[in-house]
Amino acid sequence: MEVPVENEAEISQRIVERMAATQAENADRHRHAHRDAHAKSHAIITGQLTVHDDLPHELAQGIFATPGTHEVVARLSSAPGDIHSDEIPAPRGFALKIIGVEGERLSPDLGGANQDFLMVNFPTLAFGTVTKYEDMLDILEKNASNPAAAQKAVSAAARGIASITEKLGRTPGATVQGLANDYSHMLGETFYTQAAIRYGDHVAKMSLAPTGEVAELTGVDVGDDFDAMRTAVVRHFMTKGATYELRAQLCTDLKTMPVEDAAVLWDEDESPFRVVATVRFDPQDVGGPARRVAGDDHLAFNPWNGVEAHRPLGSIMRVRKLAYESSSRQRHDLNAVARREPDSLADLTA
Ligand code: HEM
């Protein structure tokens, strides 16, 4: 079902080289290397994921075929590749690492036995193919000295792409709406893989939705707090926990739910997100220095760190295999720290 984009290898190579060059420039400026994307973390949170034991056959696939509980670690972030004030609009990231899963590994070189799901708080990626993603890099690079302008320009371009996709009779990406809505408390947001993955015998997109008290959280008062999102998340976990449902949306029609363009919204009326696991985070200190260094400098999350049964699909996912390896290698090298794939939460030390 995967169809390569014309000149995909060349486009992908260019994307990775450009991103690596920006990452190296940022590292030189800060005397410290950050991620090529999602550089700013807000919190590193540990918890537990329980795979439901009553799943119907079509949902009991891959790592969800075996009911049980796993340790998890999550890194909450903002999307840009540099650290900006939370006053600047930005998509938010929720990277979830499920520790100790069974199955043939996608990237044995990464080590460990974990499954990562990387999610953002919109259901689609407006720049949903490698060709469109390269166009977006042009905008970001032209506006590198002015991050607020860059975000606005990307948003405007996303509108352009949305209108093109609309003309093609497809549903436009949700990124534009998302950018308008970005002072939401991120613990109350719903997060999506945006692009498709294999789901055992099926194909799916994954999503994480808040339940209970966190589902009620709404806006964050940004004021002039550079780190308003971190302040809000750290404050929440000082006294309260959070629960989420991990959900799978199965592809039921490859024409209306394609894997090659992550800008196309899979209609929830056609195929709803269905709960496969519950994630629980107890109250804890999520912003201390040891956590931040462990999460930011040592850990890496990667959509290709997982099992074959959840192989990422589509050109955006294929370029990510190169991009995440490059970003992680460069930042670990420049910071002279070892990349650690944890075998348990006890390994999460700075
Ligand atoms: C399908 C849509 C995408 C989603 C949902 C997504 C999500 C994320 C998230 C949540 C993170 C933060 C991971 C962490 O906390 O360590 C991240 C990091 C990153 N993303 Fe993406 N991303 C997407 C597409 C892309 C694309 C198309 C590229 C590049 C071609 C890219 C490049 C990166 C890089 C380089 C990192 C940092 C990796 C590291 O240094 O460990 N992402 N992404």
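The values are calculated or read from the model by the stated rules, or taken from the named source; none is laboratory data. As the structure is a computational prediction, the values presented were derived from the model and not from experiment. We place every Cβ from the backbone using ideal geometry, glycine too, and count neighbours over all the protein chains shown. Note: areas computed on protein heavy atoms with side chains; ligands, DNA, RNA excluded. Shrake-Rupley method; radii C 1.70, N 1.55, O 1.52, S 1.80 Å.
Going through region 36-113, which GluC sites (Glu not before Pro) have at most 16 other Cβ atoms within 10 Å and a DSSP loop state?
Details: sites: 58, 71, 87, 102, 104; in loops: 58, 87, 102, 104.
Answer by residue number: 58, 87, 102, 104.
Per residue, the convex hull around the alpha carbon atoms of region 228-332 comes to 160 Å³.
Under a 1.4 Å probe, what is the accessible area of region 226-315 per residue, stated in Å²? It would help to have the intermediate numbers written out before the result.
Working: 3470 Å² over 90 residues.
Counting only protein heavy atoms, the per-residue value for region 226-315 is 39 Å².
What list of whole percents do you get for P(r) of region 50-141, with Cα-Cα distances grouped in 10 Å bins up to the one holding the largest distance? It works out to 13, 31, 33, 19, 4, in whole percents. About the Cα centre of the chain, what is the dipole size in debye to 20, counting +1 per Lys and Arg Cβ and -1 per Asp and Glu Cβ, all else neutral? Charge dipole, the chain, about its Cα centre: 500 debye, nearest 20.
Each 20 Å bin from zero holds the following percent of Cα-Cα pairs in the chain: 31, 64, 5.
Of all aspartates and glutamates in the structure, the ones whose alpha carbon falls short of 14 Å from that of residue 40, not counting any fewer than 8 places away in one chain, are 82, 86, 87, 227, 296, 297. Taking the convex hull of the alpha carbon positions in region 311-350 and averaging its projected area over all directions gives 3.8 nm².
Of the trypsin sites (Lys or Arg not before Pro) found in region 209-282, the ones in coil according to DSSP and having at most 10 other Cβ atoms within 10 Å of their Cβ are 255.
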